[in-house]
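One structure is given below, encoded as structure tokens.
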Amino acid sequence: MIFADGITLLCNDIQVDPQDIVMLVLSWHMKAGTMCEFSKKEFTEGLQSLGIDSLDKFREKIPSMRSELKDEQKFREIYNFAFGWAKEKGQKSLALDTAIGMWQLLFAEKQWPLVDHWCQFLQARHNKAISRDTWSQLLEFAKTVSSNLSDYDAEGAWPYLIDEFVDYLKENGVNQHGQINDSSLN
Amino acid sequence: MSNQKKKHFQIEAFKHKVVMDPKYPDKTWKILEDAIHEIYNHNASGLSFEELYRNAYNMVLHKFGERLYSGLVATMTVHLKDIAQSIEAAQGGSFLEELNRKWNDHNKALQMIRDILMYMDRTYVPSARKTPVHELGLNLWRENVIYSSQIRTRLLNTLLELIHSERTGEVIDRGIMRNITKMLMDLGPSVYEHEFEKHFTNVSAEFYQVESQRFIECCDCGDYLKKAERRLNEEMDRVSHYLDPETEKKINKVVEEQMIENHMLRLIHMENSGLVNMLCDDKYEDLGRMYTLFRRVTDGLLKIREVMTSHIRESGKQLVTDPERLKDPVEFVQRLLDEKDKYDKIINLPFNNDKSFQNALNSSFEYFINLNPRSPEFISLFVDDKLRKGLKGVNEDDVEVTLDKVMMLFRYLQEKDVFEKYYKQHLAKRLLSGKTVSDDAERSLIVKLKTECGYQFTSKLEGMFTDMKTSQDTMQGFYASHPDLGDGPTLTVQVLTTGSWPTQSSITCNLPAEISALCEKFRSYYLGTHTGRRLSWQTNMGFADLKATFGKGQKHELNVSTYQMCVLMLFNNADKLSYKEIEQATEIPAPDLKRCLQSLALVKGRNVLRKEPMSKDVVEDDAFFVNDKFSSKLYKVKIGTVVAQKESEPEKQETRQRVEEDRKPQIEAAIVRIMKSRKQLDHNNLIAEVTKQLQSRFLANPTEVKKRIESLIERDFLERDDNDRKLYRYLA
């Protein structure tokens, strides 16, 4: 088993920051069960599938792994994978803080303008763990609904939490550019 | 033998030439022409029908039909022109009479002429395609008399003037009117219509337009409707007496349009006398009239219904949101029933039991009853009041009537599960305090609820009745097996099955020694026959009868709650007790204890205890004494308070919360049921189906349903479809 220390060493060797999102992509390839650990099987089979058998090859592969995030389909898979990977073993839901961290990481890549509001909202109003359904539906929401909410459909079978988020945004006067006008949120 | 040629016997045709007298047609025609003159001059009696017929016959036979016919036309035309002149000459009133008389004469003449010329009518006329005699006579009359420029307009105007004067109250000669109109009808279908009817309807329209305008300025709604009705009747009368029946629907339409349709809204909304006033004052006659009249016009009833509906909704809304009214729940519900009765009567009688009105009434009631979230509670309190005392001494049929009325209100409730919760609480109190007026009435209502809502609604309620019965049997068994207890206090225990009765938190208190010993005996007795069960005493729900002797020897029987009993029994061993001592000894929770002491010391007529100081509230430093000066006119004094009452604010919140909690599993069960049978269903349809299924109990909140769906997704009962995120699939 490789744990956090081992991973830090690995990151050193391949010259990647352990917080770098490409580590997530790597974990995805390895079908890792939980973050911050790789089993021997996961590690070796993962590297095999990537065709990596040396550190150099590893370093070379990094950019291409990074670019996988730009692919819609792959991004979705990686995003959904992230839920199971980031949550505690044996838990059904993802702890809020971890979820927020993951979202900020993932959406930095994907550029969803409302990600900060979403995280603020959750901390202010929800304060509970995130269910798998909410997690996966959020991506759909970010992709299909514009950030000024003009095409948000209240009958659209969005999870309740997302409906509440929309209400929260409306209450606080989100203008066209996705900026909240309410200064009390600082 | 002879060789003679046989001669055939021949008969030769008669070759005698008949030479017709060249003057024959003229001579014969002359005879006939004269005859026609005589006929028109009323001298027909001297004529020989047979001779004339024969002459006409011969003319036709000898191919002089043409001559005969054209002669006829000419002669009749001449006569008719004369007639027209004499009619034109008639003055004033005799114009119509003259016309009528000449018409009759003409008809008689025509009849005779036709009879004479019958052979021509049957042979020459059809083959030459000429107009038959009778019809010819009518046509000529029409052309020469009716269409004569002097007569035509005068006739019309005369008729219209007469009708107008009849409308303004004068009496006219209806017989003659009848004859004239009949004449017009006989002259051809469009003659009546063009010469009279269409002008008649136009003029009538103007007349009624003016009249309706006049009336509406000066009459109130009821009067106006009476007048309109009268006019309609008059017109019908007119038609039946002297107009063509076909005119009826045309003139009706005119009057309806002018008098009713054009003023419909103004009438309905008329201040102080319009529809709303009629409804409020139960003006059955006026309402009935309005209904019958407005029914005749398009949208008439619709308008009435609309205004009635919005009035009922408005006044209903005021009723249920008026804080004064809400102070007494029983009164409140009674008012609702009274309103319903009132409108039922109105719809029944003046509104002819019209179903669409009945529906409007129902939807209005449903609307405003549910505006007040306390309606379910209040209806239950109303029932409680009736079953507790209101129906005392009432005969069976009337009881049924009252209960049916309650059921009718119940049906309007959208939150039937809230009603169920309150009903259960109130029923529990009634059963436990033994304060129900009639067991039969109770059961009857349960049956009605079961019919309305199904077995599930009432199974727990029935369980409560069963428990009461079983407890009776248990008590009998208890005392039978403990004959030694005859002298001590009498204990009556009701054993309540936890699931059936409203949930109570069981807070016990310290019972007086004699009682708790008895209770223990009962407990061991019961558990002896029912192993595996657990009994917990609900001391906040019981009551006791105490025999008390006061300072001056006055004896009373006090009916008190269990808590009150615990407190009072302490005074058998002490004259003065402080609040703290009482609290310690009884272990009754503070808010209940304070209420209990208040009811024992601070209520006039029931103050068996005395408190020092004499302040209004019970506080920790108070001291209590038996009130030796206690007096009451009654021997039996009731102090216990186990009566159902309107809930306080916090209690209300708690009940509502419990109801909301109870709804969650019901919603989930419905979702699972539906998804299991459909295997997959999209979001909106699922919400619709769930709402429909739960409708008979409560109105499901779509947000709540959504939350339940998500919860079920989380627990792997359902999943979203990969391609269509709005589609849910059932996971077996």
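Is segment B:356-398 rounded, prolate or oblate when judged by the Cα gyration tensor, a ≥ b ≥ c being the square roots of its eigenvalues, rounded requiring a/c under 1.5 and prolate requiring a/b larger than b/c? Verdict is oblate for segment B:356-398.
In the neighborhood of residue B:545, defined by Cβ-to-Cβ distances under 15 Å, what is the net charge if each Lys or Arg adds +1 and each Asp or Glu adds -1? Can you show the working numbers first?
On the way: positive: B:435, B:547, B:555, B:606, B:636, B:638; negative: B:514, B:557.
Net charge in that neighbourhood comes out at +4.
I want the local charge near residue B:212. Using Cβ-Cβ distances under 12 Å, sum +1 for each Lys or Arg and -1 for each Asp or Glu among the other residues. Write down the numbers at each step before the final one.
Details: positive: B:214, B:227, B:231, B:266; negative: B:206, B:211, B:217, B:256, B:257, B:261.
For residues surrounding residue B:212, the net value is -2.
Straight-line cross-link partners of residue A:61 among the lysines, defined as a Cα under 18 Å from its Cα and at least 8 positions apart when in the same chain: A:31, A:70, A:74. Pairs with C-alpha atoms separated by more than 23 Å, drawn from the list B:389/B:448; B:664/B:706; B:460/B:706; B:392/B:448; B:27/B:63, are B:460/B:706.
The angle between the Cα long axis of helix B:649-678 and the longest principal axis of the Cα atoms of chain B comes to about 60 degrees, rounded to the nearest 10. With contacts taken as Cα pairs under 8 Å at a separation of at least 6 residues, chain B carries a relative contact order of 7 percent.
Taking the Cα centre as origin and putting +1 on Lys and Arg beta-carbons and -1 on Asp and Glu beta-carbons, what dipole magnitude results for the protein assembly as shown, to the nearest 20 debye?
Values: 129 positive and 140 negative charges, 521 e Å.
The calculated dipole for the protein assembly as shown is roughly 2500 debye.
Ignoring aspartates and glutamates fewer than eight residues from residue B:521 along the same chain, the ones with Cα atoms less than 17 angstrom from its Cα are B:473, B:484, B:487. Relative to the longest principal axis of the Cα atoms of chain B, the long axis of helix B:24-40 makes an angle of roughly 50 degrees. Antiparallel beta bridges, as assigned by DSSP with both residues in the protein assembly as shown, represent about 90 percent of the total such bridges. With neighbours defined as other Cβ atoms within 10 Å of a residue's Cβ, the residues B:135, A:155 order from fewest to most as A:155, B:135.
Counting charges near residue B:524 (Lys, Arg +1; Asp, Glu -1) among other residues having Cβ under 15 Å from its Cβ returns a value of +2.
Can you pick out the pairs among B:317/B:652; A:92/A:143; B:555/B:633; B:594/B:616 whose Cα atoms lie more than 19 Å from each other? Let's see the in-between values first.
Details: B:317/B:652 21 Å; A:92/A:143 25 Å; B:555/B:633 11 Å; B:594/B:616 12 Å.
Table pairs above 19 Å Cα-Cα are B:317/B:652; A:92/A:143.
At a 10 angstrom cut-off on C-beta neighbours, averaged per residue, how do the peptides B:188-195, B:665-672 rank from highest to lowest?
On the way: B:188-195: 16.1, B:665-672: 17.9.
So the peptides B:188-195, B:665-672, ranked by packing, come out B:665-672, B:188-195.
Within segment B:119-270, how many Lys pairs that are eight or more residues apart, or on different chains, come under 26 Å at the alpha-carbon? Summing the qualifying lysine pairs gives 15.
Compared with the dominant Cα axis of chain B, that is its longest principal axis, helix B:284-294 is turned about 50°.
Could you please rank B:525, B:728, placing first whichever residue has the fewest other Cβ atoms within 10 Å of its Cβ? Can you show the working numbers first?
On the way: B:525 17, B:728 27.
Result, fewest neighbours first: B:525, B:728.
If you take the Cα centroid of segment B:706-729 and the Cα centroid of segment B:452-476, the two points sit 40 Å apart.
Quick check on the exposure proxy: order B:443, B:101 from fewest to most C-beta atoms within 10 angstrom. Write out the running numbers ahead of the final one.
On the way: B:443 13, B:101 16.
Exposure proxy ranking, most exposed first: B:443, B:101.
Of all aspartates and glutamates in the structure, those lying under 14 Å Cα to Cα from residue B:342, and not within fewer than 8 positions of it along the same chain, are B:281, B:282. Each Cα pair under 8 Å and six or more residues apart adds its separation to the average, and for chain A the resulting relative contact order is 16 percent.
Values quoted throughout were computed directly from the atomic coordinates according to the rules given, and no laboratory measurement underlies them. Worth saying up front: this structure is predicted, and the values here are computed from it rather than measured. So basically every Cβ, Gly included, is an ideal-geometry build from the backbone, and we count neighbours across all protein chains shown.
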